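A.B. asks: Dumping the structure here so I can ask a few things about it.
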Amino acid sequence: EPSRTVYTNHWAVRVRGGPAEAARLAAAYGYISLGQIGSLENYYHFHHSRTFKRSTLSSRGPHNFLRMDPKVDWLQQQEVKRRVKR
Amino acid sequence: QARGEPHAQPFNDPVWPNMWYLHCGDKSSRCRSEMNILAAWQRGYTGKNVVITILDDGIERNHPDLLQNYDPLASYDVNGNDHDPTPRYDASNENKHGTRCAGEVAAAANNSYCIVGIAYNARIGGIRMLDGDVTDVVEAKSLGIRPDYIDIYSASWGPDDDGKTVDGPGLLAKQAFEHGIKKGRRGLGSIFVWASGNGGREGDYCSCDGYTNSIYTISISSTTENGYKPWYLEECASTLATTYSSGAFYERKIVTTDLRHRCTDGHTGTSVSAPMVAGIIALALEANPLLTWRDVQHLLVKTSRPVHLRAADWKTNGAGHKVSHLYGFGLVDADAIVVEAKKWKTVPPQHVCVGSLDRVPKYIRPDHVLRASTLSNACAEHRDQHVLYLEHVVVRLSISHPRRGDLQISLVSPAGTRSQLLARRVFDHSSEGFKGWEFMTVHCWGERAAGEWTLEIHDTPTQVRNPAVQGKLKEWSLLFYGTAEHPYTALGAPQSRGRMLEVPASEMEPSRAAFLQSQVEVAEEEEEYTGPCHPECGDQGCDGPNADQCLNCIHYSLGSVKTGRMCVSSCPAGFFGDEGARRCRRCYKGCERCVGRGPTQCTACKRSLYHHPEMSTCVVLCPAGFYAEERHKRCLKCHQSCKKCVGEADKCTACKDGFSLAGESCVPECQPAMYLSREPRRCETCPASTGPGEEDCAPCTPETPAPHWRCVPACREGFYPAESPGLPNKVCKRCDDHCSACEGSSGNCLKCKEGFSLLGGSCVTNETCTNADKTFCEMVKSNKLCEKKLFVQFCCQTCLMAG
């Protein structure tokens, strides 16, 4: 049986307009911006505390509004990846 | 054989005598010092000014053996989103892994504590990222922390090594790798070292791990003290090199730092090996800080050696490198790598050549071998993509299969080097197959890319399967990475080669011919090659085993003097065989296959062009009277009555003179008061009963009396007049939903039904809302929600009113 995807309450969002715009958008839609993702320009890490921390269903609701915002180019709800130490 | 053992330095660290893989401290005991770490230290290289970080479950930064070299700027806690990578302590010491790896790299020397790290003067940090949910964001963040500050990222983790997983980096992690190699280390490229996998017992194969299988990572495997394959070792073609690690119970393990300020001599697994190589690379970077990420890979290929490592599959590839699926190019040699690094000249720029995609489906029959071949000129026609000398080769393929674990896949290079891209995995029962999975091999490193490549797929059922369900190779393509010039010499290899493939003198400029002749004369003094020639070589022999080392050809020669020539059995796409000259000559621009050079000698066209069989040309658009047949990309003739058609011969869009369009057909035009009979198709006189009245103007055909049609001077309310293809008159069509009077559809409403209001020519619900702020309305407008039926409740009226 293939393992089921587990979705988290974290999002990767590609936002035009820099960190200030990312922070504004996060606040407008109820997220917390946890800053840029490593060295990837325009990619930000958003956290939504009022979404299930782990779920086998992907979240909709307000996340669809964020997706439709004109400043948002791309958005991805984060999935848990099984990783092991070697 | 190890070179002469330098005198062991008198380190006072208590476990130093047990570091059997570094020195022969006690002459009476066994040792394995072939990695030549001491020799590199004696040259003065200990990792100074090099920064390494361990991507793992944290690092005990105040461990007495790590404290001195600990670098907070090379550290971060991605799980906790702060700057302290200290591991989370629990009763089972679960989070000891990162601390153990860090000690191998950079434990301080001569501090009377534990061990000596391989780069004992390097800066060491830790990125805590495995103690929580790992997501694409977590990985991308970790791989991209301070790329201008951190030189080497060492990772000893990956997807499950359970022998049934196929997984790799997500979109963001891939971008982080690419950003690292392009921009990291101020443009020299971040160095990512990766443990090749721990699933040997489960029959796992490391090509199913997209991290070790990536061209951006240096994949490191392990060997035991006596040079055997450890029980946990995964094999694959992307492993670059090896270090000593642990093995069977009677063989010694590796000593390192441990959690809670301890030392351990029980560290095992492939994660022993990756940090060791990270340490050795740190020595090389100290010797030459300008090494690029690719220089480091070249150095490992060039200096690693098979020594006494035992593998049944050691082979010498077409460029003379010994390579195996267990150990890559062999055991790393710290002394050799620092000596080479010191005098190293940056390799030429990386070229990437994307081979053509073969999308012809091929069935994989059980207990048979499917062979698919492609002839490549390695992008010789594009200067910035041409790959003459190979580095990595990637096979991207899609396979459907009822049981993925039954598959074995190999790739054979033009020089005859066989890489096993996938071995059978007994635990992999998945029916998902491979969807665009990229298998990578380093086994062809240094070989020529041009020539015939063969993909072989074996399907060996391990259990009873439904015979009606067969595997299918849906598509595959090759990606070549390498250089257009020889990586290690200023003079390109074609110029420095002994002799060259015969070129008719008439095809050369006089000065060039004289130059090449002089090269031949000089080179003939070199040693003669006496080995076997490539099967495509002619009777004049060769300078080496490859198809580009023939002196003449049996069938055709491909390429040019400038790019180098090779012998081929048939000419590749875009070329035709000139029988007289025994050469492949280029077809006219746009032709995929042809019988001559001219524009009207094409027999097949390149992608996106259509073949015009009557003219033997390749065209972007089919001319009038022909339609584009998409399946075979051909221009085919329309029906004789059609002037233009689309998709099929009798789907007419315009008719020849004397015919008129009825639906999609062209029918003969009839005089007034005549109609077209069905059989025979000819114009007949209308029955006398039809007349000029409103009811009488129905189409004058006996088979379509169409009693519901009426001729009206104007459409009634709720309808609007619209052109109708194939009819001479307009037709009344119904207005959009909620619209009671209109001038046309979508946005041309004049009056709305009850409960709706007219806004911008559309009818929107009278509902209003109070929370429609600016951001919300911008979102509503930019996504045109008001035009979508489902979204009319989204405050459209409020937003539109607000402008």
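A.B. asks: In cubic angstrom, how much convex hull volume per residue do the alpha carbon atoms of the range B:81-204 span? Show your work: numbers first, answer last.
C.D. replies: Values: hull volume 18.1 nm³, N = 124.
Given the Cα convex hull of the range B:81-204, per-residue volume reads 146 Å³.
A.B. asks: How far, in degrees from 0 to 90, does helix A:18-28 lean away from the longest principal axis of the Cα atoms of chain A, to the nearest 10?
C.D. replies: 80 degrees
A.B. asks: Across peptide B:72-81, what mean number of C-beta atoms from other chains lies inside 10 Å of a residue's C-beta?
C.D. replies: 1
A.B. asks: If you find the alpha carbon centre of the range B:129-186 and of the range B:293-351, how far apart are they in angstrom?
C.D. replies: 24 Å
A.B. asks: If every alpha-carbon in the range B:286-406 counts as one equal scatterer, what log10 I(q)/I(0) does Debye give at q = 0.17, 0.21, 0.23 1/Å?
C.D. replies: Debye output, listed in q order: -1.09, -1.22, -1.28.
A.B. asks: Among B:449-462, B:737-750, how do they line up from the highest to the lowest mean number of other beta-carbon atoms within 10 Å? Don't skip to the answer; put the middle values down first.
C.D. replies: Values: B:449-462: 20.1, B:737-750: 16.1.
Final packing ranking: B:449-462, B:737-750.
A.B. asks: Which value, in debye to the nearest 20, describes the size of the charge dipole of the protein assembly as shown about its Cα centre when Lys and Arg Cβ atoms bear +1, Asp and Glu Cβ atoms bear -1, and nothing else is charged?
C.D. replies: It comes to approximately 840 debye.
A.B. asks: Further, regarding this structure: Treat the count of other C-beta atoms within 10 Å as a stand-in for reagent exposure and order B:Asp333, B:Asp90, B:Asp133 from fewest to most.
C.D. replies: Details: B:Asp333 26, B:Asp90 10, B:Asp133 18.
Lowest count first: B:Asp90, B:Asp133, B:Asp333.
A.B. asks: Also: On alpha-carbon atoms, Rg over Rh for the range A:1-49 using Kirkwood Rh?
C.D. replies: Using only Cα positions, Rg/Rh for the range A:1-49 is 1.10.
A.B. asks: Order B:285-294, B:714-723 from most to least packed using the mean count of other Cβ atoms within 10 Å. Could you put the intermediate results ahead of the total?
C.D. replies: Details: B:285-294: 20.5, B:714-723: 13.1.
The most tightly packed comes first, giving B:285-294, B:714-723.
A.B. asks: Kirkwood hydrodynamic radius, chain A, all distinct C-alpha pairs: what's the number in Å? Write down the numbers at each step before the final one.
C.D. replies: Values: mean 1/r = 0.0742 Å⁻¹.
About 13.5 Å, per the Kirkwood formula over Cα pairs.
A.B. asks: Roughly how crowded by other chains is peptide A:39-47, in terms of the mean Cβ count from those chains within 10 Å of each of its Cβ atoms? Please list the in-between numbers first.
C.D. replies: Details: counts 15, 11, 1, 0, 8, 1, 8, 1, 2.
Mean partner shielding for this stretch: 5.
A.B. asks: Here is a follow-up. I need the phi-derived Karplus couplings for the range B:117-131: 6.51 cos²θ - 1.76 cosθ + 1.60, θ = phi - 60°, integer Hz, Gly and Pro marked x.
C.D. replies: Per-residue couplings from phi come out as x, 5, 10, 6, 10, 7, 8, 10, x, x, 10, 7, 9, 9, 9 Hz.
A.B. asks: Using the Cα centre of the protein assembly as shown as origin and beta-carbon charges of +1 (Lys, Arg) and -1 (Asp, Glu), tell me which of B:Thr135, B:Gly158, B:Asn111 is placed farthest towards the positive end of the dipole.
C.D. replies: B:Thr135
A.B. asks: Using Cβ counts within 10 Å as a stand-in for footprinting exposure, how do B:Met276, B:Met566 rank, fewest first?
C.D. replies: Values: B:Met276 32, B:Met566 29.
Taking fewest neighbouring Cβ atoms as first place, the list is B:Met566, B:Met276.
A.B. asks: So how do B:656-666, B:476-486 stack up, highest first, on mean other-Cβ count within 10 Å?
C.D. replies: Details: B:656-666: 15.0, B:476-486: 21.5.
Descending mean neighbour count gives B:476-486, B:656-666.
A.B. asks: Thinking of the range B:399-454 as a set of Cα atoms, what percent of all their pairs are more than 12 Å apart? Intermediate results must be reported in sequence, preceding the final value.
C.D. replies: Working: 1063 of 1540 pairs.
Roughly 69 percent, rounded to a whole number.
A.B. asks: The protein assembly as shown: Rg/Rh from Cα coordinates, Kirkwood Rh? Mind showing how you got there, number by number?
C.D. replies: On the way: Rg = 35.2 Å, Rh = 32.5 Å.
My calculation puts Rg/Rh at 1.08.
A.B. asks: Among B:Cys379, B:Leu421, B:Gly433, whose Cα projects farthest towards the positive end of the dipole of the range B:337-434, with charges put on the beta-carbon of Lys, Arg (+1) and Asp, Glu (-1)?
C.D. replies: Most positive-ward Cα: B:Leu421.
A.B. asks: Then there's this: Using only the Cα atoms of the range B:218-344, build the gyration tensor, take square roots of its eigenvalues as a ≥ b ≥ c, and label the shape rounded, prolate or oblate: rounded if a/c is under 1.5, else prolate if a/b is larger than b/c, else oblate. Don't jump to the answer; show the numbers that get you there.
C.D. replies: Values: a/c = 2.29, a/b = 1.19, b/c = 1.93.
Since a/c reaches 1.5 but b/c is at least a/b, the shape of the range B:218-344 is classed as oblate.
A.B. asks: Taking the Cα centre as origin and putting +1 on Lys and Arg beta-carbons and -1 on Asp and Glu beta-carbons, what dipole magnitude results for the range B:272-426, to the nearest 20 debye? List each step's numbers first, then the result.
C.D. replies: Numbers: 20 positive and 12 negative charges, 111 e Å.
In total the dipole reaches around 540 debye.
A.B. asks: Relative contact order of chain A: what whole-number percent is it, with Cα pairs under 8 angstrom and at least 6 residues apart?
C.D. replies: Values: 142 pairs, mean separation 36.9, N = 86.
The value is 43 percent.
A.B. asks: Which whole-percent values make up P(r) of the range B:144-260 when all C-alpha to C-alpha distances are grouped in 10 Å steps starting at zero?
C.D. replies: 14, 39, 32, 14, 1
A.B. asks: State the three equivalent ellipsoid semi-axes of the range B:75-148, derived from the C-alpha gyration tensor as the square roots of 5 times its eigenvalues, in descending order and whole Å.
C.D. replies: 24, 16, 9
A.B. asks: Sticking with this structure for a sec: Filter the cross-link list A:Lys81/B:Lys182; A:Lys53/A:Lys81; A:Lys85/B:Lys174; B:Lys164/B:Lys253; A:Lys85/B:Lys96; A:Lys81/B:Lys141 down to pairs whose alpha-carbon distance in this structure exceeds 18 Å. List each step's numbers first, then the result.
C.D. replies: Numbers: A:Lys81/B:Lys182 26 Å; A:Lys53/A:Lys81 14 Å; A:Lys85/B:Lys174 20 Å; B:Lys164/B:Lys253 28 Å; A:Lys85/B:Lys96 10 Å; A:Lys81/B:Lys141 15 Å.
Check vs 18 Å cut-off fails for A:Lys81/B:Lys182; A:Lys85/B:Lys174; B:Lys164/B:Lys253.
A.B. asks: Further question: Counting only other chains, what is the mean number of Cβ atoms within 10 angstrom of the Cβ of each residue in peptide B:777-783? Please list the in-between numbers first.
C.D. replies: Values: counts 0, 4, 11, 2, 1, 4, 6.
If you average over the peptide's residues, the count of other-chain Cβ atoms is 4.
A.B. asks: In what sequence do B:Glu778, B:Glu630, B:Glu391, B:Glu202 fall when counting other Cβ within 10 Å, fewest first? Before the final figure, lay out each step's value.
C.D. replies: Numbers: B:Glu778 15, B:Glu630 9, B:Glu391 24, B:Glu202 20.
By the 10 Å Cβ count, ascending, the order reads B:Glu630, B:Glu778, B:Glu202, B:Glu391.
A.B. asks: Here is a follow-up. Cut-off under 16 Å on the C-alpha distance; same-chain residues fewer than 8 positions from B:Lys345 excluded. Which aspartates and glutamates are left, in chain and number order?
C.D. replies: Candidates past the 8-residue exclusion: B:Glu286, B:Asp295, B:Glu485.
A.B. asks: Continuing with the same structure: Search the structure for amide H atoms under 5 Å from the amide H of B:Cys739, placed 1.01 Å from N in the peptide plane, and list their residues when 5 or more places away or on another chain.
C.D. replies: Those qualifying (amide H under 5 Å, at least 5 residues apart or on another chain) are B:Lys753.
A.B. asks: Still on this structure: Which value, in debye to the nearest 20, gives the size of the charge dipole of the range B:347-500 about its Cα centre, when Lys and Arg are +1 and Asp and Glu are -1 at the Cβ? Present the calculation step by step, with values, prior to reporting the outcome.
C.D. replies: Details: 18 positive and 15 negative charges, 76 e Å.
Result for the range B:347-500 is approximately 360 debye, rounded to the nearest 20.
A.B. asks: Now for a separate question. Against the 2.2 N^0.38 Å scaling, with N counting residues, where does the range B:277-321 land? I'd like the Cα-based Rg ratio to two decimal places.
C.D. replies: Numbers: Rg = 13.0 Å, N = 45, 2.2 N^0.38 = 9.3 Å.
In units of the 2.2 N^0.38 Å rule of thumb, it is 1.39.
Quick note: the coordinates plus some simple rules give every number you see, no bench work behind them. Not measured: the values here are computed from a predicted model. Virtual Cβ from ideal backbone geometry, glycine too; neighbours counted across all protein chains shown.
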